[in-house]
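A.B. asks: Pasting in a structure now, in structure tokens, and then I'll have a few things to ask.
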Amino acid sequence: MTISTSIALPRSIYIEPTSRCNELCQQCPRTLLSREEDRDLTFAEFRYIVDQFPQLERVVLHGLGEPLLNKEIAQMVRYLKERGAYVLFNSNGIALTRQKGQELIEAGLDEYRLSMDGASRETYAHVRGVDAFEKIWRNVGAFVELQKEQRRDKPAVSLWFTAMRENLHELPQLIELAHTHGIREVYMQRLVYFNKGLAAAQQSLFRRALQEELALVKQCEQKCQQYGITFKAAGAMSPLESIVHDFGSRPWAGCRRPYTLTYITSSGNVLSCCFAPFGHRSRQEYQEERVLGNIFNESLEEIWQGERYTAFRDAFESEHPARHCAQCGLNWSY
């Protein structure tokens, strides 16, 4: 294998602590597409991965599974904080017990992002595949109170909402719930669709939003201002911008992920980013087109500077990038 040393190792990484989940979300590739086998990353494996990165600034401890299902998640957070990294993850909140919340506080987690795609029990169950709405809000409310009791401001608790035509009408009510439970940040995420289940083009608001839908998002901005809640979209855009932004004739070209971060699954497979698990047609296509190496079989350096990553970056700079890259900025915002 020919190795180039021209690209510095990333300082920002995604690591998937587990590929197991306790939900069956109807817009998630874990539910609707072929996927890797369910497994937890052991702490020893986690250290083996992390120790190959000389410098770490930001680590996202989630992937297609629910991070709190890994019993060693707090130990992973603590180890990363000792390395000086900023650490966060998204979670559905079902397993956020008082004990687990205390462990995360003591470990030094910087952000806890609650994934919440409905403001009613019925919509939540329809989108997320489980009837857990009330339990989650009990857990999150208790966690915020636990932080208040201990006068701890970390982790910052935020709410992340995947906006679809199916659920957008409930976003104002969801902001009310966030306000009631002491959550100070609400994020409106893009729908990454691949035309299965609710992950369908007709559910997407990106460059398809009707005037009444745009007006509803504007109403939510005003409601958040009223409550002193920060209202953002994923990335650096405002929620309205994330819906209407035109990424131009080469929409993927503004992304820097191929050069600045990498995504490692609980099986050790190295992917280009968190969009890579979306949109493949088969397990074979996933392995051949999305997987750039396996960190348990090769070193990070060999993978990052190796032939498959180099070919992926060369395609990215051409008119024919990998299919999941070509869809960025075209079918969804980044």
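A.B. asks: Could you tell me what percent of the accessible area of the chain is made up of carbon and sulfur, with a 1.4 Å probe and every protein chain present?
C.D. replies: 48
A.B. asks: Counting pairs of alpha carbon atoms under 8 Å apart in space and at least six apart in sequence, what relative contact order in percent does the chain give? Before the final figure, lay out the partial values.
C.D. replies: Values: 605 pairs, mean separation 66.9, N = 334.
Relative CO of the chain lands at 20 percent.
A.B. asks: Ok, one more. Which of rounded, prolate or oblate describes segment 192-297 when judged by the alpha-carbon gyration tensor and an a/c cut-off of 1.5? Working shown, then result.
C.D. replies: Numbers: a/c = 2.33, a/b = 1.88, b/c = 1.24.
Taking the square roots of the gyration eigenvalues as a ≥ b ≥ c, segment 192-297 is prolate.
A.B. asks: Just from its helices, what would the mean residue ellipticity at 222 nm be for the chain, if runs of 4 or more DSSP H residues each count -39500 (n - 2.57) and the sum is divided by every residue, rounded to the nearest 500 deg cm²/dmol?
C.D. replies: -9500 deg cm²/dmol
A.B. asks: Connecting C-alpha atoms closer than 10 Å in a GNM of the chain, tell me which of Asn195, Asn90, Asn70 has the biggest fluctuation.
C.D. replies: Fluctuation is largest for Asn195.
A.B. asks: Given a 1.4 angstrom probe, what's the average accessible area per residue across segment 22-169, in square angstrom?
C.D. replies: Per-residue accessible area for segment 22-169 comes out at 41 Å².
A.B. asks: Another question, if that's okay. Assign unit charges at the C-beta atoms only (+1 for Lys and Arg, -1 for Asp and Glu), then state the dipole size of the chain relative to its Cα centre in Debye, rounded to the nearest 20. Before the final figure, lay out the partial values.
C.D. replies: On the way: 40 positive and 42 negative charges, 88 e Å.
Computed about the Cα centre, the dipole is about 420 debye.
A.B. asks: With springs only between Cα atoms under 10 Å apart, run a GNM on the chain and tell me which of Glu319, Glu166, Glu72 wobbles the most.
C.D. replies: Per the Cα network of the chain with a 10 Å cutoff, Glu319 tops the list.
A.B. asks: Nearest-5 percent of antiparallel DSSP beta bridges in the chain?
C.D. replies: 15
A.B. asks: List the lysines whose Cα sits under 21 Å from the Cα of Lys218, skipping any in the same chain fewer than 8 residues away.
C.D. replies: Partners within reach: Lys232.
A.B. asks: Would you calculate the separation in nanometres between label points at Lys135 and Leu330, each defined as 7 Å from the Cα along the Cα-to-beta-carbon direction?
C.D. replies: Going from the Lys135 label point to the Leu330 one covers 4.1 nm.
A.B. asks: Among the GluC sites (Glu not before Pro) within segment 193-263, which fall in a DSSP loop and have no more than 15 other Cβ atoms within 10 Å of their own Cβ?
C.D. replies: On the way: sites: Glu212, Glu213, Glu221, Glu241; in loops: none.
Here no loop site has a sparse enough neighbourhood.
A.B. asks: Next question. Among all cysteines in the chain, which have no other cysteine Cβ under 4.7 Å from their own Cβ?
C.D. replies: Isolated Cys, the chain: Cys21, Cys220, Cys224, Cys255, Cys273, Cys274, Cys325, Cys328.
A.B. asks: Stretch Asp246-Gln225 to full length: gain in nm at 0.36 nm per residue minus the Cα-Cα span? Could you put the intermediate results ahead of the total?
C.D. replies: Values: separation 21, 0.36 × 21 = 7.56 nm, distance 2.62 nm.
The Asp246-Gln225 span can extend by a further 4.9 nm.
A.B. asks: How much accessible surface area, in Å² rounded to 10, belongs to the heavy atoms of Cys255 with a 1.4 Å probe?
C.D. replies: The accessible area of Cys255 comes to roughly 20 Å².
A.B. asks: Can you compute the FRET efficiency between Phe43 and Ser6 using 1/(1 + (r/R0)^6), with r the Cβ-Cβ distance and R0 = 35 Å? Round to the nearest 0.05.
C.D. replies: Using R0 = 35 Å, I get an efficiency of 0.60.
A.B. asks: Hand me the GluC sites (Glu not before Pro) from segment 1-71 located in a DSSP loop with no more than 16 other Cβ atoms within 10 Å, in residue order please.
C.D. replies: Those satisfying the criteria are Glu37, Glu57.
A.B. asks: Using all alpha carbons of segment 89-151, what is the percent of pairwise distances in each 5 Å bin, ordered from the shortest bin to the longest?
C.D. replies: Reading upward from the zero bin: 4, 18, 29, 23, 13, 10, 4, 0.
The values are calculated or read from the model by the stated rules, or taken from the named source; none is laboratory data. Because the structure is predicted, anything quoted here is derived from the model rather than measured. As a convention, Cβ positions derive from the backbone with ideal geometry for all residues, glycine included, and neighbour counts pool all protein chains shown. Keep in mind that these areas ignore ligands, DNA and RNA; they rest on the heavy atoms of the full protein, side chains included. Shrake-Rupley method; radii C 1.70, N 1.55, O 1.52, S 1.80 Å.
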